[in-house]
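A.B. asks: Pasting a structure below so you can have a look.
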Amino acid sequence: MHAAQVQSWPEGPRYVTINDPPAPLDSQVQLRVLAAGAHQVVRSRASGAHYSARELPHTVGVDCVGRDETTGKLYYCFTLQGGTYAERINVEKSAVYPVPDHVDPASFAASVNPAMSSWMAITHRTSNLPKNFTAVVVGATSASGRLAVRSAKALGAGKVIGIARNATALEQVKGLDDYIILRDPIAETDFSKLRDCDLILDYVYGDATVQLLSSLSRSKKPVQYVEIGSLAQRTVEIPSSLLRSFDLTVRGAGAGSWSIPALHKELHTLVPTMAEWELLPARSIPLKDIETAWNDTTLATEGRVVYTL
């Protein structure tokens, strides 16, 4: 069968022929892979930079949508053991989650990984959010930000406010109850709509974060801030006086702040919930073309890149 493997870290993935997997163990299921996402963690592992992938040869991929050919059932799979860019894979039954047949495999494979960031942030990096809480998504027009709106609503938000620079794109984000356009300079942005917010999910970070938090300095209610991404800046100075001026909890969310077993537990809820969402558009690339497509940055402009078999 065919797979995408890295045999030398500097060279990147190659389309190769490997042995078929053996018959699955009683604890496993064998999937015929249909679509596998090209997420940032996948690219990091394929470069040898990620802690979870240091041995060669390395089969690319951490998740996929595949079909159990013995039963015909469709599953989503997430695993850091082995790789998912292969025609067939054996996976532990504890790492697969049923997907309804009406779901498009490519769009689903494109969407689950970015949705994890907000879902895990809310379920594992917040505490005691009030009923019908108000959530703010900074970077709401990004792929993960769009799905964060859905996650917040599914997990109890009564109101979601989006923040981004592009007004036209903000207007098109489904599920938002209101939005704020970031101005240039940031100091000219009006954050007054956020006075009653309970939760901030930040995919942007940087100067906008400082200005936003400063606008809440007289907040009379607890605010939980969770940093998830840094699309704008990786570092920022938050004045010490700001941290003392109101009831502010600052946390980060990522695979180091929550555990992989916790993620597997949440996927039992996230996967069926997402099956009813409007998913991200996918740019499907045949796996046989991975050697030419891997470094083509223009492909992502047409949707999240997914390799299909």
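A.B. asks: Considering only Cα-Cα distances, which of the following residue pairs are longer than 22 Å: K153/K220; K221/K265; K131/K221; K193/K220? Write out the running numbers ahead of the final one.
C.D. replies: Values: K153/K220 24 Å; K221/K265 31 Å; K131/K221 14 Å; K193/K220 14 Å.
Correct reply: K153/K220; K221/K265.
A.B. asks: Could you give the spread of the C-alpha atoms of the stretch 191-288 along their three principal axes, from largest to smallest, in whole angstroms?
C.D. replies: 54, 28, 28
A.B. asks: Once you charge only the Cβ atoms, +1 for Lys and Arg and -1 for Asp and Glu, what is the size of the charge dipole of the stretch 95-162 about its Cα centre, to the nearest 20 debye? Could the numbers behind the result be given before it?
C.D. replies: Values: 6 positive and 2 negative charges, 74 e Å.
About 360 debye.
A.B. asks: The stretch 83-177: which trypsin sites (Lys or Arg not before Pro) are DSSP loop and have at most 13 other beta-carbon atoms within 10 angstrom? Display every interim value, and only then the final one.
C.D. replies: Working: sites: R88, K93, R125, K131, R146, R150, K153, K159, R165, K174; in loops: R125, K131, R165, K174.
When the trypsin sites (Lys or Arg not before Pro) of the stretch 83-177 are filtered for loop state and at most 13 Cβ neighbours within 10 Å, K131, K174 remain.
A.B. asks: Which value does Rg/Rh take for the chain over its C-alpha atoms, Rh per Kirkwood? Show your work: numbers first, answer last.
C.D. replies: Values: Rg = 20.5 Å, Rh = 20.5 Å.
Rg/Rh for the chain comes to 1.00.
A.B. asks: In addition: Mind putting together the pair-distance distribution for the stretch 102-148? All Cα pairs, 5 Å bins, whole percent per bin, short to long.
C.D. replies: Reading upward from the zero bin: 5, 19, 23, 23, 16, 10, 5, 1.
A.B. asks: Could you name the aspartates and glutamates in cross-link range of K73, using Cα to Cα under 15 Å and dropping any fewer than eight places away on the same chain?
C.D. replies: The reachable aspartates and glutamates, counting only those whose Cα sits under 15 Å from K73, are D101, D104.
A.B. asks: Could you tell me what percent of the DSSP beta bridges with both partners in the chain are antiparallel, to the nearest 5?
C.D. replies: Numbers: 27 of 54 bridges.
Rounded to the nearest five, the antiparallel share is 50 percent.
A.B. asks: Compute the distance from the alpha-carbon center of the stretch 230-290 to that of the stretch 60-138, in whole Å.
C.D. replies: A separation of 13 Å, based on Cα centres.
A.B. asks: How far, in nm, would the chain grow between S192 and S127 when pulled straight, counting 0.36 nm per residue and subtracting the alpha carbon separation? Don't skip to the end; give the middle numbers.
C.D. replies: Details: separation 65, 0.36 × 65 = 23.40 nm, distance 2.45 nm.
Additional length available on full extension: 20.9 nm.
A.B. asks: What is the Cα convex hull volume of the stretch 126-252 when expressed per residue in Å³?
C.D. replies: Values: hull volume 12.2 nm³, N = 127.
For the stretch 126-252, the hull spanned by Cα atoms encloses 96 Å³ per residue.
A.B. asks: Mean-square fluctuation check for the chain, GNM, Cα pairs under 10 Å: which of I238, I180, I228 is largest?
C.D. replies: Per the Cα network of the chain with a 10 Å cutoff, I238 tops the list.
A.B. asks: Then there's this: Using Cβ counts within 10 Å as a stand-in for footprinting exposure, how do S259, S192 rank, fewest first? Before the final figure, lay out each step's value.
C.D. replies: Details: S259 12, S192 8.
Least to most surrounded, the residues fall as S192, S259.
A.B. asks: When all C-alpha to C-alpha distances in the stretch 106-180 are sorted into bins of 10 Å, what percent of pairs does each bin hold, rounded to whole numbers?
C.D. replies: Computed distribution, short to long bins: 21, 52, 25, 2.
A.B. asks: Have a look at A293, A23, A187 and tell me which one the Gaussian network model of the chain (Cα, springs below 10 Å) gives the largest fluctuation.
C.D. replies: A23
A.B. asks: For labels at R244 and Y15 in the simple 7 Å Cα→Cβ model, what's the distance in nm?
C.D. replies: 6.2 nm
A.B. asks: Assuming a viscosity of 1.306 mPa s and a temperature of 10 °C, what translational diffusion coefficient in µm² per second does Stokes-Einstein assign to the stretch 1-120, Rh being the Kirkwood radius over Cα pairs? Mind dumping the intermediate values first?
C.D. replies: Numbers: Rh = 14.6 Å.
D = 109 µm²/s.
The numbers here are math on the coordinates, done by the rules we state, and not lab data. Just so it is clear, the structure is predicted and the values come from calculations on it, not from any experiment. Neighbour counts are summed over all protein chains in view; Cβ atoms, including those assigned to glycine, are modelled from backbone coordinates with ideal geometry.
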